[in-house]
Each structure stands twice: as structure tokens, then as C-alpha cells.
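Visitor: This is the structure, below, for whatever I ask next.
Any read-out appearing in this document is the output of simple, stated calculations on the displayed coordinates, not a laboratory observation. Quick caveat: nothing in here was measured; it's all calculated off a predicted structure. Don't worry about glycine lacking a Cβ; one is built from the backbone with ideal geometry, like all the others, and counts go over all protein chains shown.
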Amino acid sequence: MEQELKAHLKKLMASGDVAGIIALKSERGMAKPYLFADASELECLCLTPKYPMASVARLLLDEDGAARFAIVCRGCDERALRELAKRHQVDLDRLVIVGIPCDEEMARECACPEPFPSVVAVGTKLEQWEAEDIGAAYRAMELDEKLAFWKHQLEKCNKCYGCRNACPMCFCKDCELENALWVKHGRLPPEFPIYHMIRAFHLAGKCIACGECQRACPSDIPLMVLNTLLREDMEELFGYVSGTGADAENPLYTKEEMQ
Amino acid sequence: MAETWNPKIVGFLCNWCCYAGADMAGTSRMKYPPNIRIIRVMCSSRINAEMVIKAFQMGADAVFIGGCHPGDCHYVDGNYRTQKRIAVLRRLLEHLGIDPRRLRLEWVSAAEGEKFAQTMDEFAKEVAELGPSPLAALQREVL
Amino acid sequence: MKYDNILTTCPFCGCGCKYYIQVVDGVAKSVLPCKEDPISEGHLCIKGWNAIDFVYSKERLTTPLIKENGAFREATWDEAYGLIASKFKEIKARDGAKAFGFFSSAKTTNEENYLMQKLARGVIVTNNVDHCARLCHASTVAGLAASFGSGAMTNSIPEVEDVDCFLITGSNTTEQHPLIGSRIYKAKEKGAKVILVDPRSIQLASIADIHLRQKPGTDVAWLNGLMHVIIKEGIADEEFIEQRTENYGEFKAEVMKYTPERVEEITGIPKADLIAAARMFANAEAASIIYSMGITQHTTGVDNVKSCANLAMLTGNLGKPSTGVNPLRGQNNVQGACDLGALPNVFPGYQAVTVPENREKFEKAWNMAEHIPESIGLTVVEMLNAAHDGALKCLYIMGENPMISDPDITHVREALDALEFLVVQDLFITETAEHADVILPGTSFLEKDGTFTGTDRRVQRIRKAIEPLGNARPDWEILCDVAKHLGSDQFVYASPKEIQDEVASLTPLYGGVTYERLDKEGYLQWPCPNAEHPGTVFLHNGKFSRGLGHFFPVSYKPPAEEPDKDYPLILTTGRILFHFHTGTMTRCSPKLNKEVPTGYVEIHPSDAEAMGIADGDLVQVSTRRGTIQIPAYVTRKVPEKTVFIPFHFKECAANMLTNPALDPIAKIPEFKVCACKVEALGESS
């Protein structure tokens, strides 16, 4: 897939349609997000591990108010870009999405709901795919078990804000997690459970299930459980799945009555 | 301590409907349990998730939110936003292990003093049955 | 537009997390965790995430400053160098090399530390070079070198995940070394037992199987007590003791005096808990001791460290993965600053200055006409004392801030003011720099190349991501320039790579460390003596560095100052998650400073009630050294009769209060225990 993608991107670069390509570059044996501006550099392109590429796109679109970029996107990256576009954080007209699918191993690692973008430019998407139901074990718990579980998990929190920092959907300039009205400053662990509840609630209808928050957590807190349960709730209550097309709006931001 | 425990309910009431309804219950001398601490807000949609969670965090056993009936919102659609927000928040409380019945949303108009008193009566009884909020107990442990 | 990610190493604690700096058109935008870095694995703490903020602070020093008539004026580099050269020459001609002192820096690179000690020893010709390791792990360097032959963390950070039983003492790991703390959680999830010995109820207390809250300053007693129980119950590792160690008999005779009853009396640790902890530790397959300043910053610091070494030897927990004695180094490059000889007694690689062959080797390599003194130089605290007494006239301080970090600040101020000439090289006009005659603007980790050595002996690259701000210059260039202005021709390097090549040629420990290898392999853990050597994951495999491990009999001595009628409480000090050391960097990082904008004194609710103090009240804390006013934080984190103050904050500086009493061997001050009193002021802060 890598060779095929390089060829595809070289063509795209030659077309002159884009100022650069946002993708991963391999340097000293490690991958890093990079803006490829020259075809010769594409030899160093690589595909793994996953990095939050939508956040890179948002940064670069902000830095340059006019340029058009191509971006190598997985399913989660595309969902993130769509959701960001709905909140006016990226201009999709300035991005050429080059979709690549995830293999089964990667898809399983993320418990990804849809491990491929809407249009797969290079590679073949998984034919048969059903994500693991990571909420199942928690739904079966009694209330007091749940509380004890989260108390234990969230007491490990190091208040690094990594879950928020790594999240492609967290773009607010002023974050309520830093508002001392809700969460006392300087306490470790942060007060249970308000810190993590605020974050979970703010992601309702926004989380695109990329798993970056959980991967960024030094304490291995299973944050994706909360996010997945709320994704399910949003679908069940409102029929809304975040990361879908521009015509679907997060019901928490609309003025319509709940059906 | 268990013997003297009385449910603490924080009530966020919208200025135009529910607060006026509570006022009517008061002026009409309707009896309802004294467990609720009322906070008047201009619209129920002013109440965000943080405020509700903070109330629990600070020791509330339950939170009540009162807004206008559908179609009656002074700001046209505020109560619809509240409705959706609270529905999701109730789910989140449940996921964390907090009984969602501790968070209640009702529509009460300015004329419904009786409904307000009745609702308070019911809710206080329900919360009494649920017992003290486990979060309130956890907060006391910390320091 | 140019967008790139530059891989570098974090400038805060000793974990050595590598991460990317996102750079757009020459401007650093943010930190991006590196998912393939073996230490951070894509995780960071709050300091790491915000590590670029201080670099762009408005407070950054970007041009040299010279003090004239009591005020600083901007100067050119040539003026600054000219003044330094003329004053240095004048003082050396008049008072000799012994009138000079050099504070190197655990925040700067290995190459810069090497140059600083080369400047001291090779140009001025004095061994008066030291750095803040004196204030943190001098006891470790001395104690572990005596017991094992090597004064460093025996095992590696990734191994922490597979430990079966931890003894964590005097390390608030989740706050001070978050990426090691997170591995303790991981090990715990896998079934590890956690014994925490700490007077304070720190975050790790919530997962501790046993939490022993000793009276501060009684560590030798409880460590001996643990070993007493282990020997008495016959659960020591006889085979290990027999084959790998010496002097067991004398040691055993000493610890047998520490019955659990006696230990309970000294330390306040209940007898039953001590016995349970001893069994838990000795019976574990792979048991690891993790410690930090709570062990080292005592007048008995070396004794404490030797006791930890004894415990590990007694239970055979050395030379194997996930075991060992693991001092966690507090600064990004405090390990490297020690390794590179920024110490008064050793050249790079712990080659003693007292050994004639070592002196000859360096004199030859540096093409010296003069001879390096055979006696060891002065330590940090001793240099300040010598300045105070007028014997030391000239001090060159690079990237250190003794006006906040050293004990008894009043004394430090007097010492600095007594100097004839003070040069400070820093990123900011620190509290120390205010007393300088010349301030030289150095650069942050983002603006230069070099290497840092993390706590687990891990040498890693930092890479220049942006150009130096304003007229600031990389610290290695400044040191070379100063040496050249003093007439040396031995400081000609095109880049830090060439400095490292010189280090490798003179330092067996780092003999195989090259930039090429670091680029290719990511890191190298010393000892790495040659180009083929893969580096060393854990020390003392099969054989101790000194041959046999040595059991030192250690007896309990009380702290230098204990509570009495006038000063009835124990004051202990330390760091917190959100700030770093003297706050020079973190306090101008908005996200970090917002979390904890000023200091506080932690005080137990029952003590607070007795004194009429409510949470948030401004109180007065006094010791025999000084008095500060500080907000009270009423909390059960501290035990009764003990208060805790983080030392980062100049406006309520803990080190106005601390006791400068020193460990007789390591010369480390007793930051962790002194007697104090707290008084209500009747104001809320």
C-alpha cells in the first residue's frame, strides 16, 4: 500500500493542485507528522503509528489562510475533519483527502467503528468488520460497581490534560477543565468525578472514536469506555452519529425539540 | 448521622415559569418538603452540565431543573436545549455509577403552583428512598 | 510554509521523555508526544505538554547585561566577555585559582557540563566546580558508589512495569516522575504489591498495600527494622549474601539491635505494619526500591542510601531485571552533570581527581601548563560559605538559582553580596542573577543541540528546533567564548558533536556514545565503553562495579534539629507536579502557573484547629533561620505535627526556613527536616 500511496501522492503533487501533503514521515526509524512539499521527500513517507492528523491540518490551515493541502486520512481522521468543519474549525474546500483504510489489527486495537474513510484512494478496506463492544462489560455493572470502578480508575489521573490535548475535537481556546469554578486548580488527582465528567460530556456528539485520548493517558484510564457509551447514547436518543456528513448536526447544538 | 440525614436537593428554576410556579405554591401556602434549595436562573438552558455536576460534587443528593412547557419558552427554544442536554447528562451520571433518578427535569408553568408542590413532594420522597448521594460521602473523605 | 516535528528530550525531570516540537516556519507551536519513544510511549505529564511556553516568555533574557552603579544595562557580547576576562585575570593573579568557584547546571547539556568543568579545571585550574546534585542526590552518588561501586539508578524505567513488589520511599513518584509513576500503576494492575513509606499521604497512597508513615528523619531506623525482621524470620537471600557481598557479619550485628518495638518507638511505625512490609518485600520475586529526596536530603543522607543498598543486597534484589536500588534523579540532566564531572572530586566518568594518573591524563588532553590540584574542590554549600567568609572572590553560576534552591537563603544572599565578581548565565534574570555583575543570556533546550542523560543512565539527544531568541547564545558557545577570552586555545568546537567526541575519548563510561549512534539507536545507557557495546540496561549483573557488594552497618542518628518547645512542629519541603524547582521556567508558563500560582503550607486539620487556622488563611511559619508568610492548606495529606511547604515560590520561599546542616560525607543539606512553628495571622489570603 505504501508504494502505491507514494505513487498516488507524487501524481497529486505534480498536478500542482496542493501546496503540500500532510502525512507521516519516517526519520531515524520513527514516524512523525510532516508537510511534504517536494516529491523527492515522499520516499520517507510512512503509515504507522497513527497520529492525530486532523489536528495537524487544523494547525496548518490556521497558519496559512489560503493554501490548499492534501492529507492522508484514515477513517478517524476523516470523521474528525468533518466534525471540525461543522464547528467551522477547518475548511474542507482547502483539503484534498487521500483516504487509506486500516488493517484489521489496527482496527481492532482502536475498536474502531469504521476503520476506513468514505473514499478509499489507495488500499482495500476491510470487507467484514464489526467493532468490539467495549461498553458491554460496563453496561452490565451495578451502579455501585461502576462508581467504584471509576473511582479507582480516575484516582490514577495525573492531570496532564493529555486526553484533551491529544483530542482532535478539543479546539476551545478557553477550556472548562481549567475553570476553577468547576475543578479546583492544582489538586492531584483532580476532583472526582467532575474533571472527567466535564470532558466526557463535552465530547457527547463530538467524539469520533479515534482513541487518541486513551492512548495519550499515562495512567491507562479507559476513557474510550465513557466516550463509546455516550456515542451510543447520542445515537439512541437522537439518531446522531458524530463524524458523519455535514448535513447531520449535533442535536445538542440545535434548537429542535427532542423526539 | 444516618438518622439525621435529610435529602439535599438543589433546584435550578427558570425565572419565567417554574420559579413563578414555586412562588405561587408559596403564596398559596401549599405544603411541600423543605429539602430543595432554589436557585433562580433566567432560563433552564442556562444550566450547563458543569453546574449540575458541581452541585453533586458539593454534596447535593439530587438536582431538580424546572423549565417552561414545550412551546412556552421565553427564549423560544431554550427548554428544548435543556431537555436534550439533561437527557444526555442523565446517561452520563448512570455510566459513572450515579443513579440518574437523582437528576430530574420537569416543566412547570407559572400557574402550576400545585404541580410544583406535588413534584417536590414526590421527588423528596424518591430521593429519600435512594438515600444519600454516594458522591457526597466521597467528598467528605477527601481533604 | 515549512512544517516539521523535531524530536528532542524534555527539560524537566529525569524521566527523559522524548517528544516532538511542532515547528511552523521556524516558530515552535506545541509539543506532540512521540508514540515510539520507549520512555514516554506517547504520554506526557502537564509539564511536558507545556514545555515550550517558558521559551517564548516575555521575561526571557535576550542580551548580555552588565551591572553599573547598582543597575543593569544592556551590553554587547564583546563587552561582557571583555569584562569577565579582565576581572578573572585580575582575581586569579591576585588571589589564585582557589578564589574561584563554578556552579555548573543540571539543566544544561552533557557537553556544557563538560565544558564548565574543563573551564574550571583546565583554564582557571581549580576543582571548585559543583552543581545542584549536591542538593539532591549527592548522598546517592556517595552512598551507592561505596556500597556497589556505581552511584546511579541500577535498573531502567521500562522495567518498572514488571516489578512484583515496590518499596517506594521519599519519592512522590506520580508528581515528580510522572512517567515512572504511571508504570507503578501499570505494575499494580498486573498484581504488584506496593509498600509506601512516606510521612505524607501522596497520590500513590491510594494504591499502596501498606503505607508506613514514619516520623521524618527516622529512615535508618525503619530500614534497619525491616532488615531485622527479614533476618530474624530467615527470609533473607543467603545465597546472594554469600556469593555477591562482603561484611555481612558486622552489618547483621548492627541491624539486630533494631527490634520492631524499638523501631516503633523511634519512627512511629506500628510494629505489625513493619513486620508485614518486611515479609512482603523479602518474599517477592522481583522487588525494587524506588527513592528520591526523602531519603537523600538528610544529615544522614548517605546512611539512608547505604541502608537502601543493604536491603536490596539482603534480599538479593540486584543484578536482575525489575529489581534494584533506584534513585530517581530530579532534573533532566542531573545524572549527566554528575557523569561529566561537574563535581569537585571527580573528572568526567567519576575519575577521581585525587588519582595522579587521572590528573595527568586530563592535563595532557587539555594541553595544560599548570597542574590540576590533587585535593578535591569545594561543594556548592561550601563555596557559598567560602564566599561569605571572603575566601572565595569570584563565582560563575550557569543555570542555577541558589537564591531559591539552597538552604538558609539569608545566608546565600550575604554570600553572593560578599563576592567581588559574580557571573550568572541563565535564561531569565533570576533571584540569583539580580546579584550578578554580568548576566549572560543562555538558551533553552529548543535552541541548541546536545545530549541529556536521564535518571536511568540514558543518554539522549536534544535537537535545535528554533534559532536562539534575540542575542542569546547556546551555552556551550558562551563557555567556549569565555575560555577563548581567557586565552585558552582548547575550546575550539564546530558543534556539540565534537565536544561529545572529546568526552568519549576521555571517559570510559561514555566511550561508545556518539551522535551517530544516538541518532540511529535513539539512546544509549551507560556504561557504554566502546562503539560495539550496546549499553547497559541494568547494573551489577553477575558482579558489582566494585566487585563485591559491601554491607555497611548503619546506626540511627536523629536529624540535626528536632522539634522543641519553641519550634514544636516538623517542617519538611519538596516539589509539586505543576512546578519545577525554583520556578524559573514553570512560573512563566501560564498553564502551569495557573494551577498553583503561589506556595502554601500543608497543615493537618487538628493542628490547624488548635491554632485557629482555617483553610486558605495567611499564616506565619518560622524557624531559627527565618520567617515567611504563606497561605495554609488544611489537609490530611500531612500527619499531625508535621507541615509541608513546596520550595518553588520566591514570595514564600521554603528555603528561608530550612536548616543548612550537612551530611558529613555528601555535604547535602537537611531540606527534609527542621523544627518550625506556625502562627495564625488572622487574615485570609
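Visitor: Once you charge only the Cβ atoms, +1 for Lys and Arg and -1 for Asp and Glu, what is the size of the charge dipole of segment B:1-136 about its Cα centre, to the nearest 20 debye? Kindly include the intermediate steps, with their values, before the conclusion.
Guide: On the way: 17 positive and 15 negative charges, 68 e Å.
The calculation lands at about 320 debye.
Visitor: In what sequence, highest mean first, do B:122-128, B:79-85, C:670-676, A:94-100 appear when ranked by Cβ atoms within 10 angstrom? Working shown, then result.
Guide: Working: B:122-128: 18.4, B:79-85: 23.3, C:670-676: 26.1, A:94-100: 20.0.
Output ranking for B:122-128, B:79-85, C:670-676, A:94-100: C:670-676, B:79-85, A:94-100, B:122-128.
Visitor: Rounded, prolate or oblate: pick one for the protein assembly as shown, where a ≥ b ≥ c are the square roots of the eigenvalues of its C-alpha gyration tensor, a/c under 1.5 means rounded, and failing that, prolate if a/b is larger than b/c, else oblate.
Guide: Numbers: a/c = 1.76, a/b = 1.37, b/c = 1.29.
Here the protein assembly as shown falls in the prolate category.
Visitor: What distance in nm separates the simple spin-label points at B:Asp23 and A:Arg87, each placed 7 Å from Cα in the Cβ direction?
Guide: The modelled label-to-label distance comes out at 3.8 nm.
Visitor: Tell me which of A:Tyr34, A:Ile71, C:Phe421 sits at the most positive position along the dipole axis of the protein assembly as shown, charges placed on C-beta atoms (Lys, Arg +1; Asp, Glu -1).
Guide: Of the options given, the answer is C:Phe421.
Visitor: Additional query: Pick from A:Gly29, A:Gly239, A:Gly123: which residue has the top mean-square fluctuation in a GNM of chain A where Cα pairs under 10 Å get a spring?
Guide: Highest fluctuation among the options: A:Gly29.
Visitor: Ok, one more. Set the bar at 21 Å for Cα to Cα. Now go through C:Lys18/C:Lys594; C:Lys448/C:Lys667; C:Lys2/C:Lys464; C:Lys364/C:Lys448; C:Lys35/C:Lys320; C:Lys35/C:Lys520 and name every pair that lies beyond it.
Guide: Values: C:Lys18/C:Lys594 25 Å; C:Lys448/C:Lys667 33 Å; C:Lys2/C:Lys464 16 Å; C:Lys364/C:Lys448 29 Å; C:Lys35/C:Lys320 27 Å; C:Lys35/C:Lys520 17 Å.
Listed pairs above 21 Å: C:Lys18/C:Lys594; C:Lys448/C:Lys667; C:Lys364/C:Lys448; C:Lys35/C:Lys320.
Visitor: Select from A:Ala209, A:Ala248, A:Ala66 the residue whose mean-square fluctuation is largest in a Gaussian network model of chain A (Cα-Cα springs shorter than 10 Å).
Guide: Greatest mean-square fluctuation among the candidates belongs to A:Ala66.
Visitor: Report the Stokes-Einstein translational diffusion coefficient (µm² s⁻¹, integer) for segment A:1-47, Rh taken as the Kirkwood radius over Cα pairs, at 25 °C with viscosity 0.890 mPa s.
Guide: Details: Rh = 10.6 Å.
Translational diffusion coefficient: 231 µm²/s.
Visitor: If R₀ is 30 angstrom, what is the calculated FRET efficiency for the pair C:Ala494 and A:Ser40, using the beta carbon separation as r and rounding to 0.05? Spell out each step's value before the answer.
Guide: On the way: r = 28 Å, r/R0 = 0.93.
With a Förster radius of 30 Å, E is 0.60.
Visitor: Here is a further query. Pairs of Cα atoms under 8 Å, at least six residues apart: use those to get the relative contact order of segment A:136-253, whole percent. Walk me through the intermediate numbers first.
Guide: Details: 111 pairs, mean separation 30.5, N = 118.
Answer for segment A:136-253 is 26 percent.
Visitor: If you take the square roots of the eigenvalues of the alpha-carbon gyration tensor of segment B:9-141 and sort them as a ≥ b ≥ c, do you get rounded (a/c under 1.5), prolate (a/b over b/c) or oblate?
Guide: Numbers: a/c = 2.10, a/b = 1.30, b/c = 1.62.
Since a/c reaches 1.5 but b/c is at least a/b, the shape of segment B:9-141 is classed as oblate.
Visitor: Taking every residue in B:42-51, how many Cβ atoms of other protein chains lie within 10 Å of its Cβ, on average? Let's see the in-between values first.
Guide: On the way: counts 0, 0, 0, 1, 0, 0, 5, 10, 11, 2.
Neighbouring Cβ atoms belonging to other protein chains average 3 per residue here.
Visitor: Set the Förster distance to 41 Å, then compute FRET efficiency between B:His69 and A:Asn179 from the Cβ-Cβ distance, nearest 0.05. Write out the running numbers ahead of the final one.
Guide: Values: r = 32 Å, r/R0 = 0.79.
E(calc), rounded to 0.05, equals 0.80.
Visitor: Further question on the same structure: With +1 on each Lys and Arg Cβ and -1 on each Asp and Glu Cβ, how big is the dipole of chain C about its Cα centre, in debye rounded to the nearest 20? Could you put the intermediate results ahead of the total?
Guide: Numbers: 69 positive and 88 negative charges, 109 e Å.
Here the size comes out at about 520 debye.
Visitor: Which whole-percent values make up P(r) of chain A when all C-alpha to C-alpha distances are grouped in 5 Å steps starting at zero?
Guide: Going out from 0 Å in 5 Å bins, chain A shows 1, 6, 12, 16, 18, 16, 13, 9, 5, 3, 1, 0, 0 percent.
Visitor: Compare the Cα positions of C:Gly349, C:Thr323, C:Ile295 along the charge dipole of segment C:293-417 (+1 at Cβ of Lys, Arg; -1 at Cβ of Asp, Glu; about the Cα centre) and return the one farthest towards the positive end.
Guide: C:Thr323
Visitor: Taking 8 Å as the Cα distance limit and 6 or more residues as the minimum spacing, I'd like the relative contact order of segment C:331-374 as a percentage. Intermediate results must be reported in sequence, preceding the final value.
Guide: Numbers: 36 pairs, mean separation 10.1, N = 44.
So the answer I get is 23 percent.
Visitor: If you rank B:Lys8, C:Lys393, C:Lys306 by fewest surrounding Cβ atoms within 10 Å, what's the result? Don't skip to the answer; put the middle values down first.
Guide: Values: B:Lys8 19, C:Lys393 23, C:Lys306 26.
In order of increasing Cβ crowding within 10 Å: B:Lys8, C:Lys393, C:Lys306.
Visitor: If R0 is 51 Å, what FRET efficiency do you get for A:Glu256 and A:Glu2 from their C-beta distance, rounded to 0.05?
Guide: On the way: r = 46 Å, r/R0 = 0.90.
So the FRET efficiency works out to roughly 0.65.
Visitor: Compute the distance in nm between two label points, each set 7 Å from the Cα along the Cα-to-Cβ direction, one at C:Asp501 and one at C:Asp519.
Guide: That separation, rounded to one decimal, is 1.3 nm.
Visitor: Of B:Met42, B:Ser28, B:Cys17, which is farthest towards the positive pole of segment B:9-141's charge dipole, taken about the Cα centre with +1 and -1 on the beta-carbons of Lys, Arg and Asp, Glu respectively?
Guide: B:Met42
Visitor: Same structure, new question: In percent, what relative contact order does chain C have, based on Cα pairs under 8 Å that are 6 or more apart in sequence? Mind showing how you got there, number by number?
Guide: On the way: 1686 pairs, mean separation 134.3, N = 685.
Relative contact order comes out at 20 percent.
Visitor: Let me ask something else about it. Arranged from highest to lowest average of other beta-carbon atoms within 10 Å per residue, in what order do the peptides C:357-365, B:18-26, C:39-47 appear? Please report the intermediate quantities before stating the final value.
Guide: Working: C:357-365: 15.0, B:18-26: 22.1, C:39-47: 25.2.
Packing order, densest peptide first, comes out as C:39-47, B:18-26, C:357-365.
Visitor: Going by how many other beta carbons lie within 10 Å of each one, how would you line up C:Thr573, C:Thr140, C:Thr259, fewest first?
Guide: Going from least to most buried by this count: C:Thr259, C:Thr573, C:Thr140.
Visitor: List the pairs from C:Lys67/C:Lys87; A:Lys25/A:Lys125; A:Lys156/C:Lys190; C:Lys271/C:Lys677; C:Lys188/C:Lys543; C:Lys215/C:Lys672 whose alpha-carbon separation is above 18 Å, in the order I gave them.
Guide: On the way: C:Lys67/C:Lys87 14 Å; A:Lys25/A:Lys125 23 Å; A:Lys156/C:Lys190 15 Å; C:Lys271/C:Lys677 30 Å; C:Lys188/C:Lys543 30 Å; C:Lys215/C:Lys672 11 Å.
The pairs that break the limit, which is 18 Å between Cα atoms, are A:Lys25/A:Lys125; C:Lys271/C:Lys677; C:Lys188/C:Lys543.
Visitor: Next question. Decide, for segment C:437-500, between rounded, prolate and oblate: order the square roots of the alpha carbon gyration tensor eigenvalues as a ≥ b ≥ c, take rounded if a/c falls under 1.5, and otherwise choose prolate if a/b is larger than b/c, else oblate. Walk me through the numbers on the way to the answer.
Guide: Details: a/c = 1.95, a/b = 1.32, b/c = 1.47.
It comes out oblate by the Cα gyration axes.
Visitor: Using +1 on the beta carbon of Lys and Arg, -1 on that of Asp and Glu, and nothing else charged, what's the dipole of the protein assembly as shown about the Cα centre, debye to 20? Provide the component values of the computation, followed by the final result.
Guide: Values: 118 positive and 146 negative charges, 138 e Å.
For this selection, approximately 660 debye.
Visitor: With angles folded into 0 to 90 degrees, how steeply does helix C:301-314 sit against the dominant principal axis of chain C? Use alpha carbons for both and round to 10.
Guide: That helix lies at roughly 60 degrees to the long axis.
Visitor: Using only the alpha carbon atoms of chain C, find the Kirkwood hydrodynamic radius as the inverse mean reciprocal pair distance, in angstroms to one decimal.
Guide: Details: mean 1/r = 0.0395 Å⁻¹.
Roughly 25.3 Å, rounded to one decimal.
Visitor: Considering every residue in C:31-44, what mean count of other chain Cβ atoms within 10 Å of its Cβ is obtained? Working shown, then result.
Guide: Values: counts 1, 8, 9, 5, 9, 7, 1, 0, 0, 1, 2, 10, 10, 8.
For this peptide, the per-residue mean of nearby foreign Cβ atoms is 5.
Visitor: Given H placed on each backbone N at 1.01 Å, which residues far from C:Val634 in sequence or on other chains put an amide H within less than 5 Å of it?
Guide: Correct list: C:Ile603, C:Asp615, C:Gly616.
Visitor: Do any trypsin sites (Lys or Arg not before Pro) in segment A:1-62 lie in a loop, going by DSSP, with at most 15 other beta-carbon atoms within 10 Å of their beta carbon, and if so which? Don't skip to the answer; put the middle values down first.
Guide: Details: sites: A:Lys6, A:Lys10, A:Lys11, A:Lys25, A:Arg28, A:Lys50, A:Arg58; in loops: A:Arg28, A:Lys50.
Those that pass, being in a loop and sparsely packed, are A:Arg28.
Visitor: Would you mind checking C:Lys58/C:Lys186; C:Lys47/C:Lys361; C:Lys58/C:Lys107 for any pair whose Cα atoms are more than 32 angstrom apart? Provide the component values of the computation, followed by the final result.
Guide: On the way: C:Lys58/C:Lys186 40 Å; C:Lys47/C:Lys361 41 Å; C:Lys58/C:Lys107 20 Å.
From the list (C:Lys58/C:Lys186; C:Lys47/C:Lys361; C:Lys58/C:Lys107), the Cα-Cα distance tops 32 Å for C:Lys58/C:Lys186; C:Lys47/C:Lys361.
Visitor: Under 5 Å between amide hydrogens, which residues at least 5 positions from B:Ile38 or on another chain qualify, with H placed 1.01 Å from N in the peptide plane?
Guide: Under 5 Å from the amide H of B:Ile38: B:Gly11.
Visitor: How many Cβ atoms of partner chains, on average, are near each residue of C:375-383 if near means within 10 Å of its Cβ? Present the calculation step by step, with values, prior to reporting the outcome.
Guide: Numbers: counts 0, 0, 0, 0, 0, 0, 0, 0, 0.
Mean shielding by partner chains, rounded to a whole number: 0.
Visitor: Here is a further query. Within 10 Å, count the other beta carbons around each residue, average over each peptide in C:367-378, A:193-204, C:461-472, and list them highest first. Please report the intermediate quantities before stating the final value.
Guide: Values: C:367-378: 15.0, A:193-204: 23.8, C:461-472: 18.4.
Going from most to least packed, we get A:193-204, C:461-472, C:367-378.
Visitor: Could I ask something else about it? In nm, to one decimal, how far is the A:Ala136 label point from the C:Ala610 one, both placed 7 Å along Cα→Cβ?
Guide: The answer from the label model is 5.8 nm.
Visitor: In what order do A:Asp38, A:Asp103 fall by count of nearby beta-carbon atoms within 10 Å, going from fewest to most? Walk me through the numbers before you get to the answer.
Guide: Numbers: A:Asp38 9, A:Asp103 16.
Lowest count first: A:Asp38, A:Asp103.
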